[in-house]
Amino acid sequence: MAAERAPCSQCGSTLDSGLDSCPVCGAAIDPVREPADAAPEAESTPEPTAPVSEMGRRQARLRQWQDQAGPLGVRIAQLPPWAEAAARSGPDPDGWLEVVRGVERLAQRTVVTALEQWERQTKSRLARLEAYSVDGRLERDQMDDVLHAARTGEISQALTTYQQVDRVVALKERHLDQAREELERLVSLFRDMEALGLDPPVESGEIADDLERELRSGRLAPLKQQLRALRQQATNRLKQAVPAYVSRYGEYLVRERAEGVGVEVEAAELARGAKAFADGHPEEALRRLRILAQVHSIGPGGPNEGGVGAAGATGVSRTA
């Protein structure tokens, strides 16, 4: 049977079957293919994805445990590549599956042992934090959850919680250690100021006791603000006091050199102290100046104020 024709593409006239050209405009007509002649559309069927085997899931879990337990210093056994290949294609996959189950049981015991040791260490760390009034109740409860999950086989959950607890405890320790370090640096600065006759904003013994009480109360944020304020007050005083002290000390060394005493080492150390202060390191500057004054047996205030005023005493201190 002849195929039905579409309207003429040139003039749109209706075409009868069996015509090779349009009777109106004469345009050539291509025969329309029968529906049966049309090539069937190729159906795209997705290739089947092989399901993940039980062996693959367990191996992936062992690798995850190893990644999570790394900070504990734990090594979890893994099947070598040849064993994985044999398990996938071998005749006895169930036997290999039992091997992996044994590895999991061994890994669980190893992780539980490591977490128990971590718990003992972390309790000591928390006891130190709590001595400074830093709250550790939540971390203690979470440690119990970690050990319970590990002992019941929830290794991934146990290791995830362990990492969270350890990170929080380390953060609290860092804040406490920073406050302790800043406190000790400030008290040392005040003591060096007193030793050099440069009046600190507050007497060093008094401020040391006050700051220690504040630290042990656990109010770290207000303490850090107080430390910054006191340090700024001390720095403001030192901006005038240190240059004057260095100038007096320099004049003293010039007099010593005029009397034939070698002062090259002392002059270099005095210059280093002055440079450290100019570079924004008052603690280092005052430490150098204090050591230099001790070498000369110079008391508070420098060589012209209650300290050594003659070159002869320098020789005595060096001989001593």
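The values are calculated or read from the model by the stated rules, or taken from the named source; none is laboratory data. Note that the structure is predicted; figures quoted are calculated from it, not measured. Please note: Cβ atoms are built from the backbone with ideal geometry, for glycine as well, and neighbour counts cover all protein chains shown.
Please work out which residue is farthest from residue 76 (Cα to Cα), limiting yourself to region 120-175 and to residues that are of a type in the set (Asp, Glu) and in a helix (DSSP H, G or I). Among them, the one singled out is 130.
With respect to the conditions (1) farther than 14 Å from residue 282 by Cβ; (2) among the basic types (Lys, Arg); (3) without any contact (Cβ under 8 Å) to a residue 60 or more places away in the chain, residue 216 lacks only one, and its number is (3). Contact annotation: residue pairs with Cβ atoms under 6 Å, 6 or more positions apart or on different chains, pairing a residue in region 53-80 that is over 18 Å from residue 115 (Cβ atoms) with a partner that is of a type in the set (Val, Ile, Thr), are 58/100. Checked across region 151-170, the condition of being free of Cβ contacts under 8 Å to residues at least 24 places away in the same chain and under 30 Å from residue 284 (Cβ atoms) holds for at least one residue.
This table checks each residue for (1) of a type in the set (A, V, I, L, M, F, W, C); (2) on the phi > 0 side of the Ramachandran plot; (3) surrounded by 15 or more Cβ atoms within 10 Å (Cβ to Cβ); (4) over 29 Å from the mean Cα position of the chain (by Cα).
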position: 213; (1), (2), (3), (4): no, no, no, yes
position: 226; (1), (2), (3), (4): no, no, yes, no
position: 238; (1), (2), (3), (4): yes, no, yes, yes
position: 242; (1), (2), (3), (4): yes, no, yes, yes
position: 245; (1), (2), (3), (4): no, no, yes, yes
position: 260; (1), (2), (3), (4): no, yes, no, yes
position: 288; (1), (2), (3), (4): no, no, yes, yes
position: 291; (1), (2), (3), (4): yes, no, no, yes
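Of all the residues in region 138-175, those that are among the hydroxyl-bearing types (Ser, Thr, Tyr) and either under 20 Å from the mean Cα position of the chain (by Cα) or modelled with pLDDT of 95 or more (or both) number 3.
Within region 183-192, the only residue that satisfies the criterion of being more than 14 Å from residue 288 (Cα to Cα) and in contact (Cβ under 8 Å) with a residue 60 or more places away in the chain is 185. Close contacts from region 193-208, counting a first residue that is touching a residue at least 12 places away in the same chain (Cβ under 8 Å) and a second that is assigned to a helix (DSSP H, G or I) and hydroxyl-bearing (Ser, Thr, Tyr), with Cβ to Cβ under 6 Å and a gap of 6+ residues or different chains, come to 194/204.
Identify the single condition in (1) under 15 Å from residue 200 (Cα atoms); (2) over 42 Å from the mean Cα position of the chain (by Cα) that residue 255 does not satisfy, given that it satisfies every other one. Every condition holds for residue 255 apart from (1). Scanning region 111-141 for residues that are among the polar types (S, T, N, Q) and either buried (at least 18 other Cβ atoms within 10 Å of the Cβ) or in contact with a His (Cβ under 8 Å, 6 or more places away or on another chain) (or both) turns up just one, 122. With respect to the conditions (1) at pLDDT below 90; (2) assigned to a helix (DSSP H, G or I), residue 178 falls short on a single one, namely (1). Looking across region 133-155, just one residue is farther than 17 Å from residue 120 by Cα and touching a Phe, Trp or Tyr at 6+ places or on another chain (Cβ under 7 Å), and that is 155. Selection within region 67-82: residues that are closer than 18 Å to residue 105 by Cβ and surrounded by fewer than 16 Cβ atoms within 10 Å (Cβ to Cβ). The member of this set that is farthest from the chain's Cα centre (by Cα) is 77.
Checked against the criterion of being in contact with a Lys or Arg (Cβ under 7 Å, 6 or more places away or on another chain) and of a type outside the set (Ser, Thr, Tyr), the candidates 256, 269, 203, 214 yield just one match: 269.
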